[in-house]
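The values are calculated or read from the model by the stated rules, or taken from the named source; none is laboratory data. Nothing here was measured: the structure is a model prediction, and the numbers come from that model. Positions of Cβ are backbone-derived with ideal geometry, glycine not excepted, and every protein chain shown enters the neighbour counts. Accessible surface areas use protein heavy atoms only, side chains included; no ligands, DNA or RNA. Shrake-Rupley method; radii C 1.70, N 1.55, O 1.52, S 1.80 Å.
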Amino acid sequence: MTYNGLTDEQLVSLALNGDRQSFSEIVERYRKMVARTVKGMLGDNVYAEDIGQDVFVRLYHSLSEFRGEAKLPTYINRIAVNLTLNEIKRRKRSSGVFVNEDQGRETLYDMTDENDHDRRDTKEIIGRALAMLEPRFRAVVVMRMLEGYSTRETAEVLGIPVGTVLSRLSRAQEQLRTIIKEYR
Amino acid sequence: MNKEQIMRLVELLGDDSVPGPEEKAHVEEIRGSYDFEAGFTGRVMQRLEGMQPGRLYEGLILSMNSLFLRIAVTGAAAIVLLAVSVFLSGGNFSFETLLGLGDTAEEGMISLLTGNY
């Protein structure tokens, strides 16, 4: 049986009937999306893999609650955002392991000292710039820039009104402009 | 991507209209660069395989142990605080004072217990 031709709903239905292979296909299908959300918000570090796995484990255990009101990727991304925000809060509380704004700023300056933009990894530069944003701003930027969601879809994933998304985007843009302007 | 191109993507954040082909290519370039280490799906499935009912039960016991430990520590801290408070307000630290029986006369206690007022 080939799974990659099946719809999300069919895969969910098979997984609920105990078909592990169909769940494996769901993981394969949305692995990169979860990586963008988790790594975009948390940074590309050792914790990102754990959170990524947690997202799918949580999804597996909550599949029976998935009613299909939202699309499966939206549902998965909602789990990813919530788990990542929890991790950010936990790390901030427990230690300075997570890159804080000042550390991120320092690292961005270090990276840009070479004055050779083309060789630099765009992903890493954007990642560092994102790390300087407050988590709630970071979440909306990741949804819009990395996931390509519209403002309405972003609101749906984050569970906030569209107006709040727009105001957070505006604040995030201001901050990112300043951060990137300082980029040499 | 240079500084101006990244800045252009930032400007597009608040705009729901479809980006131009150049911006679209840049976004795709960034989006495509995110992934987990090879074998991620296998590791997730392995984790799920490991979550058999027996193992879940073990996990539950471990989390209960940790919960009971937290409750015990909190309870011990509360008892110490109570003892300190009793000592500060009563001036002594006998067991009766700790139980709130410091000023209760024995006769009063007997009549209270037997109901002969």
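What the table shows:
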quantity: Chain lengthening between B:Glu22 and B:Asp35 when straightened (0.36 nm per residue, less Cα-Cα); calculated: 2.4 nm
quantity: Full-stretch length increase - A:Asn45, A:Thr164 - with 0.36 nm per residue and alpha-carbon distance subtracted; calculated: 39.9 nm
quantity: Heavy-atom accessible area ranking, 1.4 Å probe, most first, across A:Glu124, A:Glu147; calculated: A:Glu124, A:Glu147
quantity: Loop sites in the range B:1-100: chymotrypsin sites (Phe, Trp or Tyr not before Pro), DSSP, at most 15 other Cβ within 10 Å; calculated: B:Phe93
quantity: C-alpha center-to-center spacing [the range B:1-19, the range A:119-157] in angstrom; calculated: 12
quantity: Inter-label distance for B:Phe87 and A:Glu9, nm, one decimal - labels placed 7 Å from Cα along Cα-to-Cβ; calculated: 7.0
quantity: Per-pair calculated FRET efficiency, R0 = 35 Å: B:Glu96 and B:Ile61 via Cβ, rounded to 0.05; calculated: 0.30
quantity: Solvent-accessible surface (1.4 angstrom probe) belonging to A:Asp44, in square angstrom, nearest 10; calculated: 100
quantity: Order of exposure, largest accessible area first, which applies to A:Lys32, A:Lys71, B:Lys24 with probe 1.4 Å; calculated: A:Lys71, B:Lys24, A:Lys32
quantity: Pairwise burial B:A, computed as accessible area of each alone minus the pair, summed, 1.4 Å, Å²; calculated: 3800
quantity: Accessible area expressed per residue, chain B, with surrounding protein chains retained (probe 1.4 Å, Å²); calculated: 72
quantity: Long pairs among A:Lys32/A:Lys181; A:Lys92/A:Lys181; B:Lys3/B:Lys24; A:Lys123/B:Lys3; A:Lys32/B:Lys3; A:Lys39/B:Lys3, criterion Cα-Cα beyond 18 Å; calculated: A:Lys32/A:Lys181; A:Lys92/A:Lys181; A:Lys32/B:Lys3; A:Lys39/B:Lys3
